[in-house]
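All of the numbers you see were taken from the coordinates with simple rules; none came from a lab. Please read all numbers here as calculations on a predicted model, not as lab measurements. Here the Cβ positions follow ideal geometry from the backbone for every residue, glycine too, while neighbour counts run over all protein chains shown.
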Amino acid sequence: MEQLKSFGRELAMGSQGGSSKEFLDLVKSIGEARSKSEEDRIILRELETLRRRLSEPDIPRRKMKEYLLRLAYAEMLGHDASFGYIHAVKMAHDDNILLKRTGYLTVALFLDEGHDLIILIVNTIQKDLRSDNYLVVSAALVAVCKLISEETIPAVLPQVVELLGHPKEAVRKKAVMALHRFYQRSPSSVSHLISNFRKRLCDNDPGVMGATLCPLFDLILEDANSYKDLVVSLVGILKQIAEKRLPTTYDYHHMPAPFIQIKLLKILALLGSGDKQASNHMYTVLTEIFRKCDSSSNIGNAIIYECVCCVSSIYPNSKLLDAAIEATSKFLKSESHNLKYMGIDALGRLIRINPDIAEEHQLAVIDCLEDPDDTLKWKTFELLYKMTKSTNVEVIVDRMIDYMINITDSHYKTEIASRCVELAEQFAPSNQWFIQTMNKVFEHAGDLVNPRVAHNLMRLIAEGFGEDDEGADTQLRSSAVDSYLRILGEPKLPSLFLQVICWVLGEYGTADGKYSASYIISKLCDVAEAHSSDDTVKAYAVSAIMKIFAFELAAGRKVEMLPECQTLIDEVSASHSTDLQQRAYEFQALLGLSPQTIENVMPPDASCEDIEIDKSLPFLSNYINQAIENGARPYISESERSGTASTIAVASASQYQHDTSSVHSLKFEAYDLPKPRGPAPSIQSSSMSSLPTISSDLVPVSEATYTTREEQQNPKVQTLADQISAEIGVRLRLDGVQKKWGRQTYSSPSAPSTSSSSSTQKPSNGMVTSETIRENTLDSRKQQIPEVSAEKQRLAASLFGKKAAEKKTQAGTRRPVKEIQPAVATSAPEPLKEDKVIVPAVPPPDLLDLGEPSETATQTIDPFKQLEGLLGPGAGSDVASGPGPSVSAVTTTDLMSLATDMPPIIDSKSSDKGLISSTMTKKGPNVKDALQKDATARQVGVTPTSNNPNLFKDLFG
Amino acid sequence: MIRAVMVISTQGKPRLLKFYQFQPPEKQQEIVRYVYAALSGRPDNVSNFVDADSIFGPATRLVYKHMATLYIVFAFDSSENELAMLDLIQVFVQTLDKCFKNVCELDIIFNFNKLHTVLDEMILGGQVIETNCDQILKHVDDIARIEKSSSTKSLMPKSISSRFGQ
């Protein structure tokens, strides 16, 4: 057997003409490699061989060709072959067309347009573009598309333009593409040649015309208005193609030039967008294409889909819209996942014109949502995202969160988390729901969401519902506290979510008296302990503990210092993080204060109160006046100190003894400082700013330590500002008090910087960065909720009724209020889809008034009547659609059973059956077979067999 | 435009990579790994489309066909039509099949330069220029004939399998 094998190998090598024996061996050994590292070793050895060979002198050119292909192969497998690039460039110079083509191919594979070696090949390209042999010209044009960069365009541009008139259509086509490529690289370099594209549109060869559509599409995408004149001729072309006037060589699966049709439809969609006149020209031809297209083939459906896109983009025409809707519903009802995908996409386009279209297809949409196909699911979520309203937001976001929990891909997770947040912020029906939703999002994707979202959530909890309903706010907060205490039990929570939890617990943990202070504190200590490496979370936890202590002490209760809390504070006050240290010291300082002071420092539930900072500091004025009377120099503001306002400075400082004739911005006289001893002289001496001195006088503590601390803390505050802006507020209140105590806050050496930082920190709750944005969204949200029209509500309810009903029957988890309103409308699609036979009488619209439970009886009697009302255009726009408290479950189940009894609608001619379905069905059982074939194929190098390893047989057999 | 054409074996080995926007080799490998992971995780009987936003940029998609031991994958952006791309894969495979007389994976490995030639006739600069199988084949044969006349001896086998078939 072994002998036979080796014999076979000899034979095989012989048939390779000898030269590619090594390549064959290489491929074979790579195929047999058991691990990635083994494969790497083989290729590295191969590259070493090639490097040695290539450095030999006088390599035969044929050999060189093979070496280059082997290099390209190695590079395809991910190894660096840059040592051979220069040989590829050299080979492109060769006169032999075979070698030249290999050279161009490898150069195009190896080099990008910015590579240093490109300059060496431009000359060759120029020469080849002038060649008599059209194949050489073609090869050069292919290389041009890949290799010519912005800088080298002028070198070949004249020749490429000349080639637009080449007698061979294949060359003209490629020249058009090359020019298009230049346009993509640098629009300005070919802007004077744009008219050539229009000219080529009239080319005798339809292939060239079709190629010209590609650059035109890009140009029209940029600026549709300059090309409106083309509408008529493009429509003419499309008409001719649709009428099969092109040679049959352009047919594909019995469709005339489908790729050109698709491109034309794309262009027309751009040109007709929002242009009634242009759109008018298109209606006839679009109708015709709809009529003629063969929906049994894949390519036919591609054209139909493109028609739908075009119809949804141009100025709407009701007839065409109907055709588009019909086509879309065919897609959606199809068995093929590909068509369903296209259908969902088309539906997403159509609902932009008329949102009502979706309701007809809700069952299909929901099926797609349940589909095992991730792409289809994702596409469906995109559709749902587009059609979310305040009425269906709960169902949609719930679905999205379920999906989010189940996927692992962080890209999609981030995407869907941000969509959930966006929808929830925009449409949340209640704050309660909003908080619950946010909790879920944070819990499962907390590391992926924007910190802004966390700040918004804190803000929402702090601000509550609105202005009047204090009770509801309290309830909201205590439910938030409840849920957070529960969630804290979970392992692994994202840092951002923990920050929110800490903040809320600190602010409202003890507010309703349900939990004792020590309970909350111990929880917070646990958080800090469990996340000892996360300084931000720790900082939030320490501040939260401080707040709880403050509230309790202010209320006159005694709080026992838990040992774990003491440990935490001790640990934190020795922390490397100055921010943490400061919090710990502030906490310790706070404990020593009287209840009144504490209440002033930390008023309960004041995170949303604005702190008035009176910059004029009136409480100091007495002191200042006194000092001035004692001969101190008055404060001169910065602007006055600078040269521009020198005269004012002179005037105001006139009582001052020094010679002010040469007042200059730098006249601060720091040298006088050591001389005087009393307080008054010290003020006099530090003319820069009277304030620092005053405060240092007031607080006879060693100033040095404070100042350094202040300096350390300042940058910290700024760097952390975003991240912990919610926290700053807490400290800010302290800051305000510090000012009152006259501590070091103002002793910061640079007065302006202090004032600026305090002004940015002024919004007391500290959400400086996001405050305004949030305000807007909040406002808009508040406005939107009452604005939702009755009609919209009904539509959305009908759209997602089924799901809600399903949930009720399956899990029974949903709250009663919510399931009712969708459940009623569940039935919307049924009459449309299957029950055209049953023609129910149009009911009086007041049947829809679900407000009263007593109505249920009537509804059970004839659900369709009510549905008729739902569907009737404009019917019952005056009908109140408030969610009724209860609708009989009978209605729902009735309809559900109807739905399940429905026979599955199968498109009699599902697409591409011959090819796709056969592969699909064969693929399953054939896997083993296929693997075997592959193995045989591998063996080919070893054992010659009489039969081909006919791997594509299942496809083409 | 079409961003890339890839042929990847069901073991995740690249068999043919053609990018219409230059990608450095490391990125190419990353793409192959990503695409393979995305495709091999998909069950049978689902759609042939996959979103590729995270690897090829916004609004890009992959259309693939699983054939025997190979995935044939086209990556493209929003200016193309998914179903049409699926047919383009069909054209590509049909052309290869005619070109190699019952194409197999080994043909593709050994003749990847020929595959590039075929693709260059179909797609140029990321745009489809020819979709007729016979036309493509005619151009490829023209090239082959000239190549033959310029070199007396064929350097690479036209098709491994056809040789063994004799």
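For segment B:1-135, what is the relative contact order in percent, using Cα pairs closer than 8 Å and at least 6 residues apart in sequence? Answer for segment B:1-135 is 26 percent. Under 5 Å between amide hydrogens, built in the peptide plane, is the criterion, and for B:Arg15 it picks out B:Val7, B:Ile8, B:Ser9 among residues at least 5 positions away or on other chains.
Sorting A:509-521, A:205-217 by their mean Cβ neighbour count within 10 Å, with the most densely packed peptide first, gives A:205-217, A:509-521. Rg then Dmax, both in Å and based on the Cα atoms of segment B:2-152: 15.3, 49.
When you filter the chymotrypsin sites (Phe, Trp or Tyr not before Pro) in segment A:466-514 for DSSP loop state and at most 14 other Cβ atoms inside 10 Å of their Cβ, nothing is left. Taking segment A:450-607, how many lysine pairs are there with alpha carbons less than 15 Å apart, if each pair must be eight or more places apart or span two chains? The result is 5.
Once you've got the Cα coordinates, tell me which of A:Lys100/A:Lys168; A:Lys199/A:Lys244; A:Lys377/A:Lys413; A:Lys146/A:Lys174; A:Lys100/A:Lys127 are over 19 Å apart. Table pairs above 19 Å Cα-Cα are A:Lys100/A:Lys168; A:Lys199/A:Lys244. Among the residues of A:69-75, the average count of other protein chain beta-carbon atoms within 10 Å of the residue beta-carbon is 3.
Shape class of segment A:267-417 from the alpha-carbon gyration tensor: prolate, with a/c at 1.5 or above and a/b greater than b/c. Inter-chain Cβ neighbour count for A:341-348, averaged per residue, equals 2 (cutoff 10 Å, partner chain atoms only). Rounded to the nearest Hz, the phi-derived 3J(HN,Hα) couplings of segment B:67-74 under the Karplus curve 6.51 cos²θ - 1.76 cosθ + 1.60 (θ = phi - 60°) are 10, 6, 9, 10, 9, 10, 10, 10, where x marks glycine and proline. Highest GNM mean-square fluctuation among B:Phe76, B:Phe56, B:Phe92, for chain B modelled with Cα contacts below 10 Å: B:Phe56. Shown for segment B:2-152: lysine pairs separated by 8 or more places, or found on different chains, whose C-alpha atoms are under 17 Å apart, numbering 12.
Please identify, among B:Ala52, B:Ala68, B:Ala38, the residue showing maximal mean-square fluctuation in a Gaussian network model of chain B using a 10 angstrom Cα cutoff. Comparing B:Ala52, B:Ala68, B:Ala38 in a Gaussian network model of chain B, the most mobile one is B:Ala68.
Around the amide H of B:Thr60, modelled in the peptide plane, lie the amide H atoms of B:Ala52, B:Asp53, all under 5 Å away and 5 or more residues distant in sequence or on another chain. Calculate how steeply helix B:82-100 sits against the longest principal axis of the alpha-carbon atoms of chain B, using the helix alpha-carbon long axis, and give the answer as 0 to 90 degrees to the nearest 10. On a 0 to 90 degree scale, this one is about 20. Under the combined filter of DSSP loop state and at most 13 neighbouring Cβ atoms within 10 Å, segment A:550-644 retains these trypsin sites (Lys or Arg not before Pro): A:Arg557, A:Lys558, A:Lys615. GNM on chain B, C-alpha springs below 10 Å: top fluctuator among B:Thr95, B:Thr69, B:Thr60? Largest GNM mean-square fluctuation: B:Thr69. Taking GluC sites (Glu not before Pro) across segment A:527-588, the ones in a DSSP loop with at most 16 further Cβ atoms lying within 10 angstrom of their Cβ are A:Glu560.
Peptide B:107-116 has a mean shielding of 5, counted as Cβ atoms of other protein chains within 10 Å of each residue's Cβ. Can you give me the C-alpha center-to-center distance between segment A:181-199 and segment A:564-614, rounded to a whole angstrom? Between the Cα centres of segment A:181-199 and segment A:564-614 lies a distance of 67 Å. For segment A:450-607, what class follows from the C-alpha gyration tensor (a ≥ b ≥ c being the square roots of its eigenvalues): rounded when a/c is under 1.5, otherwise prolate if a/b is larger than b/c, else oblate? Cα axes put segment A:450-607 in the oblate bin.
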